[in-house]
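Some notes on the structure that comes next.
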């Protein structure tokens, strides 16, 4: 096998450095200001903000993030439901989060802590649609953290159910 030339090695290193810089630049891109009513405010250990030491999101900003859907039953609804939203991990990545736990807070000040290294964290979905429709506050919206409860027994515990906070309007990253 032919050994790569110094020029080939240098070009490869330069390309890797450029790609690394580009991905860092994307992760740290400025967050646009919300154009509509703010439905979620995130503060604490985040790099990307658009308000005084916080990130404020209107619904369209959340919908612009990569969407995920779950078909699952819940203990609060009848039959199988379809939830659409953004994974909590995707939201935190967009903000350049460096925390180890989040506090999720509802409009009524109900608060839950969710450790980022918990085995169920990857399933946490910040849902903004239920069965293809936006959720009103009366319907547990506009944001509800849900999990794919039917996909694995680990999502069917009192701890996970308690983290399934509806009327979510604030997150603090610690």
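Checking residue 17 against (1) crowded, with 17+ Cβ neighbours inside 10 Å; (2) at pLDDT below 95, only one condition comes out false. Which one?
Among (1) crowded, with 17+ Cβ neighbours inside 10 Å; (2) at pLDDT below 95, residue 17 violates only (1).
In region 148-174, which residue that is in contact with a strand residue (DSSP E or B) (Cβ under 7 Å, 6 or more places away or on another chain) and in a loop (DSSP other than H, G, I, E, B) is farthest from residue 79 (Cα to Cα)?
Filtering region 148-174 for residues that are in contact with a strand residue (DSSP E or B) (Cβ under 7 Å, 6 or more places away or on another chain) and in a loop (DSSP other than H, G, I, E, B), the one farthest from residue 79 (Cα to Cα) comes out as 174.
The values are calculated or read from the model by the stated rules, or taken from the named source; none is laboratory data. None of these values were measured; they are calculated from a predicted model. FYI the Cβ positions are ideal-geometry reconstructions off the backbone, even for glycines, and counts take in every protein chain you see.
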